[in-house]
């Protein structure tokens, strides 16, 4: 089993069975302990979404801790679902996404819903996507995120509409800013 998936699975199973957050195992590949990135963990049961939570910027000291925290959150905190129960554990499958740093989108032609995930956020009337302005993670108002390469999301317009809906954003009434990112999917 892929080490990213194994870590997410171990984190969820240990938390559901024992109520404890695991420590990152010492035998993990070096990048787990030395690299920081936002991560998302998606949990499915019988091919249906059961939970998905993540961070688009790193909030923990390394990828291992980011995966552990987001896996547990996907299993227990996704508002769309009841927390996962012990009897469900053998039926679960996991997907782990490691996100690149978000970049401002200056033209919608840059986007491809199969290649890039997007972050749509509302903001002040000044446009933050100018040259030399980096994404600082500060969310001034509302934010919606959509991972790339999702079933049924095959146009940029649909991707933006879903991200806005997730963030409670009305793009007809609110000024929006779009950021793109890539993922490594496991």
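Brief remarks on what is shown
- Inter-label distance, nm, simple model (7 Å from Cα along the C-beta direction), residue 165/residue 34: 4.3
- Within the listed set 120, 12, 153, the Gaussian network model of the chain (springs between alpha-carbon atoms below 10 Å) gives the highest mean-square fluctuation for 153.
- Space enclosed by the convex hull of the alpha-carbon atoms of the chain, per residue, Å³: 126
- GNM result for the chain, Cα springs below 10 Å: residue of 167, 54, 152 fluctuating most strongly: 152
- Counting only alpha carbon atoms, the long axis of helix 156-167 and the longest principal axis of the chain meet at about 70°.
- Each of 121, 115 was scored by other Cβ atoms within 10 Å of its Cβ. Arranged with the fewest first, they read 115, 121.
- Max mean-square fluctuation residue, GNM over the chain, Cα-Cα springs under 10 Å, options 15, 116, 81: 81
- Calculated [θ] (222 nm, deg cm²/dmol) that DSSP helices of n ≥ 4 give over the chain, each run adding -39,500 (n - 2.57): -8000 deg cm²/dmol
- Between residue 158 and residue 21, the contour length at 0.36 nm per residue exceeds the Cα-Cα span by 45.6 nm.
- Rounded to the nearest 0.05, the FRET efficiency derived from the C-beta distance between residue 109 and residue 182 at R0 = 22 Å is 0.85.
We did not get these values from a lab; they are worked out from the coordinates using the rules stated. The structure presented is a predicted model; accordingly, all values stated were derived computationally and were not measured. Using ideal geometry, Cβ is built from the backbone for each residue, glycine included, and neighbour counts are taken over all protein chains shown.
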